[in-house]
Amino acid sequence: MAFLRQLKDRFDGNLWLAVAPDYHGNDRFRLEQAATLAAAAGLPLMATNDVLYHTPARRPLQDVVTAIRLNVPVAEAGFALAANAERHLKPAAEMARLFRGYPEALEQTRRFSETLGFSLNELKHNYPDETTEEGVDPQTELERLTWRGARSRYPEGIPEKVDRLIRHELEIIGQKNYARYFLTVHDIIRYARSEDVDVLCQGRGSAANSVICYCLNITEVNPGLMDVLFERFISTERDEPPDIDVDFEHSRREEVMQYVYERYGRDRAAIVATVIHYRPRSAYRFTLEASVYIAADATGQGIGRALLLTLIARCEGGPWRQLIANDGDSGNVASLALHSACGFVQAGVLRSVGFKFGRWVDTVLMQRPLNAGDATLPESSR
């Protein structure tokens with residue numbers, strides 16, 4: 001209760017207490033308890049459904065996802081699997097029936113939905129204000145560092161082609177106001193390669209199409225020896241910020257990360273999670289492995305790993321449908337598994353969340369400090 005009141009004081013007018021039925025035989029008590037708690041805390045009660053999929057038919061797929069997350073076959077997931085298929089989007093009439101004793105909760109759901117006007121187009125990158133020589137603006141500082149780097153890269157004279165590319169890139173970066181981002185990445189690379197640190201690192205990906213990244217020692221691909229396409233990296237047609245992936249020496253990443261914390265402050269820097277999605281081959285593999293002890297052949301034995309790997313190897317094209325259809329009793333279950341896998345891919349369901357060091361430099365630095373309580377930042381990211 002004290003925690004709810006603390007949240008109410010902080011987010012007054014923007015806080016609801018949500019409740020959903022769980023179909024375990026205690027929903028009448030559960031809803032009444034939530035309503036009493038909401039009234040005591042002075043919060044509106046909102047009806048929800050704890051949705052995981054859009055139709056009940058997706059429940060078997062949810063079981064597969066759960067088994068994959070737990071790294072066990074579905075048959076061994078036990079009580080970790082949902083007891084029913086009720087966690088789907090329900091029509092208004094069904095929600096009204098479930099919350100017939102709490103019509104105000106349904107009304108609050110509608111009011112809450114009316115407050116949602118967020119669009120991804122509203123997101124903008126706010127880059128740190130980097131220290132510049134003599135206090136010049138970021139674009140001027142980037143130009144100074146770029147031309148200095150170019151003279152170092154080409155001690156016998158900057159080739160005409162490279163000169164032309166530098167001017168072209170600087171013009172686009174100036175138009176898009178990305179100079180501060182390049183200065184941030186340059187500073188982190190400078191620290192990693194300093195004499196007293198000497199951490200191996202190198203930029204990769206589409207940044208290799210930038211001669212400025214080469215002159216700033218972010219990448220090592222000489223644009224003078226190849227045809228580069230800067231628009232693959234930054235384009236005036238696409239309203240997308242640049243993305244410079246930098247790989248750091250595995251055993252010494254922590255040193256660079258601690259430098260970022262120290263330079264920008266622990267209230268302005270954080271490790272970000274990367275969302276990974278299935279591709280077809282991985283979807284086949286994980287779904288079949290999650291179903292291994294459900295599928296049974298004519299002798300009643302589970303499908304062995306060798307058969308699974310055989311199926312996976314032969315399931316990457318149209319012929320897999322005929323293969324599964326002709327594979328006997330075990331094929332029926334394997335077919336269901338593959339069908340689920342295809343649905344899994346189409347739905348773009350979250351596979352896992354992990355940390356990727358290569359992209360953090362353009363996403364973890366924030367213009368606004370994190371408020372106390374927003375997150376607990378570790379002293380060390382180990």
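The values are calculated or read from the model by the stated rules, or taken from the named source; none is laboratory data. In this text the structure is predicted, and so the values were computed from the model without any measurement. Cβ: placed from backbone, ideal geometry, glycine included. Neighbour counts: every protein chain shown. SASA here: full protein model, heavy atoms, side chains in, ligands and nucleic acids out. Shrake-Rupley method; radii C 1.70, N 1.55, O 1.52, S 1.80 Å.
At-a-glance table
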| read-out | value |
| --- | --- |
| Residues being in contact (Cβ under 8 Å) with a residue 40 or more places away in the chain and assigned to a helix (DSSP H, G or I) - total across segment 185-211 | 9 |
| Positions within segment 145-164 being in a helix (DSSP H, G or I) and in contact with a helix residue (DSSP H, G or I) (Cβ under 7 Å, 6 or more places away or on another chain), in sequence order | 145, 146, 149, 150, 153, 161, 162 |
| Unique residue being in contact with a Gly (Cβ under 7 Å, 6 or more places away or on another chain) and either more than 17 Å from residue 222 (Cα to Cα) or surrounded by 10 or more Cβ atoms within 10 Å (Cβ to Cβ) (or both) when the list is 161, 90, 124 | 161 |
| Members of segment 239-265 that are over 21 Å from the mean Cα position of the chain (by Cα) and basic (Lys, Arg) | 252, 263 |
| Residue within segment 61-79 that is over 24 Å from residue 288 (Cβ atoms) and outside any loop (DSSP other than H, G, I, E, B) present | no |
| All positions within segment 193-240 that are buried (at least 22 other Cβ atoms within 10 Å of the Cβ) and at pLDDT 85 or above | 203, 210, 211, 212, 213, 214, 215, 216, 218, 219 |
| Selection count, segment 1-32, where residues are assigned to a loop (DSSP other than H, G, I, E, B) and among the charged types (D, E, K, R) | 2 |
| Failed item, numbered, when residue 53 is tested on (1) over 17 Å from residue 278 (Cβ atoms); (2) touching a residue at least 24 places away in the same chain (Cβ under 8 Å) | (1) |
| Given (1) over 21 Å from residue 124 (Cβ atoms); (2) not in a strand (DSSP E or B), index of the condition residue 243 fails | (1) |
| Residue in segment 172-189 that is in contact with a Lys or Arg (Cβ under 9 Å, 6 or more places away or on another chain) and among the acidic types (Asp, Glu) present | yes |
| Residues (farther than 24 Å from residue 106 by Cβ, open to solvent by 50 Å² or more (accessible area, probe 1.4 Å) and charged (D, E, K, R)) located in segment 59-87 | 59, 69, 76 |
| Exclusive hit being more than 30 Å from residue 6 (Cα to Cα) and part of a helix (DSSP H, G or I), set 57, 35 | 57 |
| Members of segment 93-117 that are buried (at least 17 other Cβ atoms within 10 Å of the Cβ) and farther than 21 Å from residue 24 by Cβ | 106, 108, 109 |
| Cross-chain or 6+ apart pairs with Cβ under 6 Å, segment 270-288 first and surrounded by 20 or more Cβ atoms within 10 Å (Cβ to Cβ), then part of a helix (DSSP H, G or I) and of a type in the set (S, T, N, Q) | 287/340 |
| Any hit, segment 18-41, residues being within 28 Å of the chain's Cα centre (by Cα), of a type outside the set (D, E, K, R), open to solvent by less than 30 Å² (accessible area, probe 1.4 Å) and modelled with pLDDT of 90 or more | yes |
| Pair list, Cβ < 7 Å and 6+ apart or interchain, from segment 236-260 residues that are touching a residue at least 24 places away in the same chain (Cβ under 8 Å) and hydroxyl-bearing (Ser, Thr, Tyr) to residues that are open to solvent by less than 30 Å² (accessible area, probe 1.4 Å) and part of a helix (DSSP H, G or I) | 236/172 |
| Residues satisfying the stated conditions in segment 128-144, i.e. outside any helix (DSSP H, G or I) and in contact with a Leu (Cβ under 7 Å, 6 or more places away or on another chain) | 128, 130 |
